[in-house]
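Please treat every number below as a calculation from the coordinates, not as lab data. Because the structure is a prediction, the values reported are computed rather than measured. In this analysis, Cβ positions are derived from the backbone assuming ideal geometry, glycine residues included, and neighbour counts consider all displayed protein chains.
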Amino acid sequence: MSDTDSQTHTDTLRTPIVAVLGHVDHGKTSLLDKVRGSDVTGGEAGAITQHIGATAVPLDTVSQMAGALVNPDDFDLPGLLFIDTPGHHSFSTLRSRGGALADIAILVVDVNDGFQPQTKEAIDILKRTGTPFIVAANKIDTTPGWNPQEGEPIQKSYEAQSQRARSKLDEKLYEIIGEMSEMGFSSDFYWRVQNFQKNIGVVPVSALTSEGIPDLLGVLMGLSQRYMKDEMAIDVAGPGAGTVLEVKEERGFGATLDVVLYDGTIRKGDTIVVGGANEPIVTEVRALLQPRPNAEIRTEKRFNKVDEVAAAAGVKIAAPDLENAMAGAPVRVVRDRDIDDVIAEVQAELADIEVTTEEEGVVVKADTLGSLEAMANALQEAEVPILRAEVGDIAPRDIAVASTAREPEHKVILGFNVDVLSNAEDELDHSDVKLFEDDVIYQLIDEYEEFVDEMKRAQQETILDNIVRPCRFRILKDHVFRQNNPAVVGVEVMSGTLKNNMNVVKWEGNDAKRVGQLSGIQEQGEDVSSVRAGSRVSVAIDGPTVGRQIGEGDELWIELPEKHAKILEQELRDDIPTDELEALSGYLDKHRRRDPFWGK
Ligand code: GDP
């Protein structure tokens, strides 16, 4: 597109595509509604038009809304195309040739709330995609003592405020500028910015009172005109290129594609190539659909059929075989090119969206290619391996795949912005696969990591429960209650935990001689299953006779199988109490005097 020399007389400047991002509840939707809703009646302004997935605001309308801030004679860009679905989720979905589909973005920040997790996530995405953006510091009308100036530019609005209100707002705006700087961006009040490529402009606005909206539009237009004019020069008659927003079932049309076209033209009858779940789909456009204007809402049909659509625009494409098309995938009109070249182009773009899968790991499902890629990046950072990653709702097959994971912590499906198909619900209930769902990536991953931590803790506890634990105890003097069958003696537990049914050994030199098995513990006349170090209890031992194998004052130990001793020493030493650890090292020392490698 930048090769201007080769472009023909059909070169036209297209509308820049604008996306709105920011933390939940900071006012993205309200801001968009304000821009879309403030249709200017009368005058010569062209109407704001509703596209599929986007709203087009022509230059003269922008100019009417922005007043003195936008003089239409200064611009040759035709207006602005706002993507209707706000949020960085849709933003990262909307890609074009490896970059962001949106040419420019508005990052909405609530002046009271400042930077929140999704604000930062959005900035990361903007940074990664190199998308120019401005900050809309929203909800300025909530400043204490604010005197609202409906629809006015910010300068005028400022002038109407008390000194106190003004400095209150400035304080909040400086906080935002400070947070921008922490994220590595130099920013300032937009009217002080000389070079918008070096400094991010902060525009104070209110989506409630429309104050500052003229400024916002003015800055968007100015920025686009100044820095993006070259990119906006397209061969409008050339073959169309776009990105799938959504794959939708539409009555009477079957599976259709909601597409944002960013280059060229698409016509009815065109052969197109679309990125599909398995392979590129080659098909022919049956119909191009646009929403009916509100005035015609009473007609049965929701769409108008059109013969051609030129970039930039949102359009619904009806064509056969679109069931396997993927949201976020590229769409290309073939026109007079070699179809294999176009297929290769689509394949190359899909290959660009890289998700590395491994032999073992979790299953990831996401609603679009872009979000799938974002999930994969985040999981890689969290060092979570991926067994399979796909676009689409959760189907029975996903559960089958997840259940083949070896590790229990990987028998998991992470679903981002997807549903569970009804025929998969039952299967999920009856499987050992666990599903995590969220529409915020970092929350989804946090939830999963918490689950893994919890699982590891539980595993460790079960291991500890099933492992023989070291214990040293001593037969008390004058506490022999029965000689044998079983021997019953009073003991003091010196370290560790004494548990019933364990084998008992006594050291003879460096040999642990088994003397019998514990068959009962009584503490103050009550049967108990275990007692901790420091307790004095009476125990029954099957096997020995007091005065022969054991005697008053003898030190006895619970017999530790070598394997258990090894697990205790190598894996669980941080999880057992100090006195038990002491018993363990005493036990190991004795064995190792005879065999240095015992328990290693
Ligand atoms: P989103 O989640 O970012 O799309 O936020 P919304 O547009 O849904 O706004 C969240 C809430 O903030 C809603 O209750 C809006 O009415 C309110 N809101 C949005 N912008 C403004 C504003 O400029 N001033 C005030 N006072 N409230 C606002």
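Annotation: the antiparallel percentage among DSSP beta bridges lying fully within the chain is about 70. Each Lys and Arg contributes +1 and each Asp and Glu -1, all at the Cβ; summed about the Cα centre of the chain, the dipole is approximately 1300 debye. Here's the list of aspartates and glutamates a cross-link from K590 could span, going by alpha-carbon distance under 14 Å and ignoring same-chain residues fewer than 8 apart: E508, D511, E555, E559, E562, E582.
Measuring between alpha carbons in the structure, the pairs from K120/K456; K477/K506; K28/K120; K120/K411 lying more than 21 angstrom apart are K120/K456; K120/K411. Once the convex hull of all Cα atoms in the chain is built, its volume per residue stands at 239 Å³.
Over 20 Å apart at the Cα level, from the set K34/K172; K34/K248; K248/K365, are K34/K172; K34/K248. 3J(HN,Hα) along the range 334-347: 7, 6, 9, 9, 6, 4, 5, 5, 5, 4, 4, 4, 5, 4 Hz, from the Karplus curve 6.51 cos²θ - 1.76 cosθ + 1.60 with θ = phi - 60°, whole Hz, x for Gly and Pro.
Summing Cβ point charges (Lys, Arg +1; Asp, Glu -1) relative to the Cα centre of the range 401-548 gives a dipole of roughly 2200 debye. Among L322, V355, N377, whose Cα lies farthest out toward the positive end of the dipole of the range 317-406, if unit charges sit on the beta carbon of Lys, Arg (+1) and Asp, Glu (-1)? The Cα lying farthest towards the positive end belongs to L322. Between the beta carbons of M228 and K600, assuming R0 = 60 Å, the FRET efficiency works out to 0.35 to the nearest 0.05. For the chain, the relative contact order comes to 10 percent (Cα pairs under 8 Å, sequence separation of at least 6).
Computed about its Cα centre, the charge dipole of the range 496-600 is approximately 400 debye, with only Lys, Arg, Asp and Glu carrying charge at their Cβ. Only Cα pairs under 8 Å and 6+ residues apart enter the sum, and on that basis the relative contact order of the range 99-212 stands at 31 percent.
Across the range 457-464, rounded Karplus estimates of 3J(HN,Hα) from the backbone phi angles (6.51 cos²θ - 1.76 cosθ + 1.60, θ = phi - 60°) give 4, 5, 4, 4, 5, 5, 4, 4 Hz, Gly and Pro being marked x. Amide H to amide H distances under 5 Å link I200 with S186, S187, D188, where only residues 5 or more positions off or on other chains count and H is placed in the peptide plane.
Rounded to the nearest Hz, the phi-derived 3J(HN,Hα) couplings of the range 47-62 under the Karplus curve 6.51 cos²θ - 1.76 cosθ + 1.60 (θ = phi - 60°) are 7, 5, 10, 8, 9, 6, x, 7, 10, 9, 10, x, 3, 5, 6, 4, where x marks glycine and proline. Restriction of the chymotrypsin sites (Phe, Trp or Tyr not before Pro) in the range 112-157 to DSSP coil positions whose beta-carbon has at most 13 other beta-carbons within 10 angstrom yields no sites. Straight Cα distances below 12 angstrom link K139 to the aspartates and glutamates D25, D110, D113, E211, with same-chain residues fewer than 8 positions distant left out.
Dipole of the chain computed with +1 at Lys/Arg Cβ and -1 at Asp/Glu Cβ about the Cα centre; of G269, G151, G240, farthest Cα towards the positive end is G151.
Here K198 is the anchor, and the lysines within straight C-alpha reach of less than 17 Å, apart from those fewer than 8 places off in the same chain, are K127.
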